[in-house]
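Colleague: Quick one: the structure is below, questions incoming.
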Amino acid sequence: MAYDYRPFPYTAPPGLTAPEPRHKVVIVGAGPIGLALAIDLAQYGVPSVVLDDNNVVSVGSRAICWSKRSLEILDRLGVGAKCVDKGVIWKVGRTLHRDAEVWNFDLQPEPGHKMPAFVNLQQYYVEEYLVTRAMEFPDLVDLRWKNKLSSLTQTDHVTLTVETPDGPYSLEADHLVACDGARSDIRGMMGLDFDGELFEERFLIADIEMQGDFPSERRFWFQPNFHPGQSALLHKQPDNIYRIDLQLGWDADPEAERQPDRVIPRIEKAIGHRDFRLDWVSVYTFQCRRLARFVHGRVIFCGDSAHIVSPFGARGGNGGLQDVDALGWRLAAVAKGHDPAILNAYDRERQHGADENLLNSSRTTRFMSPAPGAERMFRDAVLTLAAKAPFARPLVNSGRLSAPCTYPSIGADDPQLPTLSRPGSVAPDAPLPQGWLIDQLGREPILLAIGQPAPKVAGLKTLELAPTPQLQTRYLGSAPSALYLIRPDQIIAARWLSATPAVISEAAKSIWKDRT
Amino acid sequence: MSLVTNPNLKAPDTAYAALLAAHKGMTEPESQALNARLVLILMNHIGDDAVLAEAFDLARSTG
């Protein structure tokens, strides 16, 4: 069934009648990124005001593929179970050339994780769940619908003018976080521009409702018989809604292509019948670009306002949630009086994350939409070979799906320990005798002592675990025991085979420093 | 390992003739597509990024 868009109530903000005290944090944009950040801050006891120029959740499915890491983050924010319960769980992707499968991947080949590899869930559901969760913090999250930022200036704080249905008012904040999406007004107001590539390629994107028995897999076609010379992507979503992306070519007219009399026949060819209802249609152009820096004084960019990628790796929404993950605990500390220099570490780490996403996304785009000449020739050669020769299949690039990056130059490491849990990586989940490891991590630094007693360090939470097969594989490798220091965002800060309390204490302190 | 730039084919004339034979009867676009497939096949056979980088450099600098 179609989603029931219920508007959120607008209430006249206090600033219309009297000046408001300066706020710690103002977030612009109540999309998934802005809402997630407000909840993260609230869970640290830090209040924020969230401004949104609209009063409904996203129209159309938009971001639909939520990665394991995003689900872990959403779980920490209190909505993970809801997203998994409602979403369509999948882990297998199939890539077809013409009508034959040339390559498939399994994103979670091994069990022993609380969260699945991916769920498909329309962005409007994620936003709805986040709004409901945010409203559980009435003293900490001040959601202001139909509040549109119209100007900003910054000195040692930020001063904003906000338009409402009842007229304009003024707000002050110590920090402003721009979660206002790919077309960020704040970016424009500050005269900032993206660097990077704009690809001359257009895609039609549609949600359709149909009764079907399509498996919970991602399907991607190069040059399908139903859409000659182009490419197509199909994803299953909850409520019998399917998402179809069809490549149109660079010279397509976006206005004409989004008309139902154009769209319906195209989809009919793709799915082989006309027994469907068109729910939402959009036409987009690829971009793979980012801001040079994400922190500009007291204005912080987070999510699509900071970087945009082509959609084929699910790296937009997921990349944005990883921004929130890297920003929330640091901004909360700054709001409580910590040196703002720690925000430079957010900037540095998420530039690194964005670059990895941009690199993957640009390479996919090149493969999907090759330039005429050599690019096109090699792309076609890979597809032709892939049907016969196994070596060519990993070269087929229909999207390299979002996985969290490993941050560079973090703390102490011991090369004897497994690569997947090296410092800078997300702490891998594992089943514990009761529950999951991931649920024991985060919010504050913690020292994991696996197979050895935890050294006592003043003010540092510790957790002692007996080795299990999963802990052995993911954390110990050939070592009998190890110590892992984990940050509030569940990122591994440092690890040792053994360490003195003084060494651990020093490493725990450096979590709170900007070490450039 | 580094790129072999000294003669390495046991029977150079035979190998060269085999390459031409592979292209026989093809239009120019077909030949170009064949070359593209050949490059990919041989790249995989070599399987060494450093050797490939040397090969790309040599090819680019001799055009």
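Colleague: Consider A:Leu447 against the criteria (1) away from chain B (no Cβ under 14 Å); (2) out of contact with any helix residue (DSSP H, G or I) (no Cβ under 8 Å at 6 or more places or on another chain): it satisfies all of them except one. Which criterion is unmet?
Modeller: The single condition A:Leu447 does not satisfy is (2).
Colleague: Okay, moving on. Could you pull out every one of the helices (runs of 4 or more DSSP H) wholly within chain B that has 2 or more residues that are open to solvent by 80 Å² or more (accessible area, probe 1.4 Å), over 24 Å from A:Glu375 (Cβ atoms) and away from chain A (no Cβ under 14 Å)?
Modeller: It comes to B:12-23.
Colleague: Looking at (1) under 18 Å from A:Asp413 (Cβ atoms); (2) open to solvent by less than 80 Å² (accessible area, probe 1.4 Å), which is the one condition that is false for A:Leu432?
Modeller: Of everything listed in (1) under 18 Å from A:Asp413 (Cβ atoms); (2) open to solvent by less than 80 Å² (accessible area, probe 1.4 Å), A:Leu432 misses just condition (1).
Colleague: Within the stretch A:376-393, can one find any residue that is more than 14 Å from every other protein chain (Cβ to nearest Cβ) and either open to solvent by 30 Å² or more (accessible area, probe 1.4 Å) or small (Gly, Ala, Ser) (or both)?
Modeller: No: zero hits.
Each row is one residue, and each column tells you yes or no for (1) open to solvent by 40 Å² or more (accessible area, probe 1.4 Å); (2) within 30 Å of the chain's Cα centre (by Cα).
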{"site": "A:Glu444", "(1), (2)": "yes, yes"}
{"site": "A:Thr462", "(1), (2)": "yes, yes"}
{"site": "A:Leu471", "(1), (2)": "no, yes"}
{"site": "A:Ala479", "(1), (2)": "no, no"}
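Colleague: Okay, next question. Quick one: which of A:Ile33, A:Ile73, A:Ile27 is surrounded by 18 or more Cβ atoms within 10 Å (Cβ to Cβ), farther than 27 Å from A:Tyr242 by Cα and modelled with pLDDT of 95 or more?
Modeller: Exactly one of A:Ile33, A:Ile73, A:Ile27 is surrounded by 18 or more Cβ atoms within 10 Å (Cβ to Cβ), farther than 27 Å from A:Tyr242 by Cα and modelled with pLDDT of 95 or more, namely A:Ile27.
Colleague: On the given criteria, is A:Pro138 part of a loop (DSSP other than H, G, I, E, B), more than 23 Å from A:Val25 (Cα to Cα) and open to solvent by 50 Å² or more (accessible area, probe 1.4 Å)?
Modeller: no
Colleague: State all residues of the stretch A:181-196 that are within 14 Å of A:Leu149 (Cβ to Cβ), open to solvent by 40 Å² or more (accessible area, probe 1.4 Å) and assigned to a loop (DSSP other than H, G, I, E, B); if no residue qualifies, say none.
Modeller: Once the filter is applied, which keeps residues that are within 14 Å of A:Leu149 (Cβ to Cβ), open to solvent by 40 Å² or more (accessible area, probe 1.4 Å) and assigned to a loop (DSSP other than H, G, I, E, B), the stretch A:181-196 yields A:Arg183, A:Met190.
Colleague: If you don't mind, there's one more thing I want to ask. For the stretch A:351-361, does any single residue satisfy the condition of being in a helix (DSSP H, G or I), surrounded by fewer than 23 Cβ atoms within 10 Å (Cβ to Cβ) and acidic (Asp, Glu)?
Modeller: Yes, because at least one residue in the stretch A:351-361 is in a helix (DSSP H, G or I), surrounded by fewer than 23 Cβ atoms within 10 Å (Cβ to Cβ) and acidic (Asp, Glu).
Colleague: Could you please find all residues in the stretch A:233-271 being part of a loop (DSSP other than H, G, I, E, B), closer than 26 Å to A:Ala371 by Cα and at pLDDT 90 or above?
Modeller: Within the stretch A:233-271, just A:Leu248 meets the criteria.
Colleague: Among the residues of the stretch A:23-63, write down those that are part of a loop (DSSP other than H, G, I, E, B) and of a type in the set (Val, Ile, Thr).
Modeller: Those that are part of a loop (DSSP other than H, G, I, E, B) and of a type in the set (Val, Ile, Thr): A:Val46, A:Val56, A:Val57, A:Val59.
Colleague: Could you please let me know if A:Ser409 is surrounded by fewer than 21 Cβ atoms within 10 Å (Cβ to Cβ), away from chain B (no Cβ under 14 Å) and either at pLDDT below 95 or not in a loop (DSSP other than H, G, I, E, B) (or both)?
Modeller: Numbers: surrounded by fewer than 21 Cβ atoms within 10 Å (Cβ to Cβ): yes; away from chain B (no Cβ under 14 Å): yes; either at pLDDT below 95 or not in a loop (DSSP other than H, G, I, E, B) (or both): yes.
Spelling it out, A:Ser409 is indeed surrounded by fewer than 21 Cβ atoms within 10 Å (Cβ to Cβ), away from chain B (no Cβ under 14 Å) and either at pLDDT below 95 or not in a loop (DSSP other than H, G, I, E, B) (or both).
Colleague: From the list A:Ser425, A:Ser402, A:Ser421, which one is in contact with a Cys (Cβ under 9 Å, 6 or more places away or on another chain), under 16 Å from A:Gln490 (Cα atoms), of a type in the set (S, T, N, Q) and surrounded by 17 or more Cβ atoms within 10 Å (Cβ to Cβ)?
Modeller: A:Ser425
The values are calculated or read from the model by the stated rules, or taken from the named source; none is laboratory data. What you see is a predicted model, and the numbers here were worked out from it, not measured in a lab. When we count neighbours, we look across all protein chains shown, and the Cβ atoms used for this are built from the backbone with ideal geometry, even at glycine. Side chains are part of the model used for accessible areas, which takes the heavy atoms of the whole protein and leaves out ligands, DNA and RNA. Shrake-Rupley method; radii C 1.70, N 1.55, O 1.52, S 1.80 Å.
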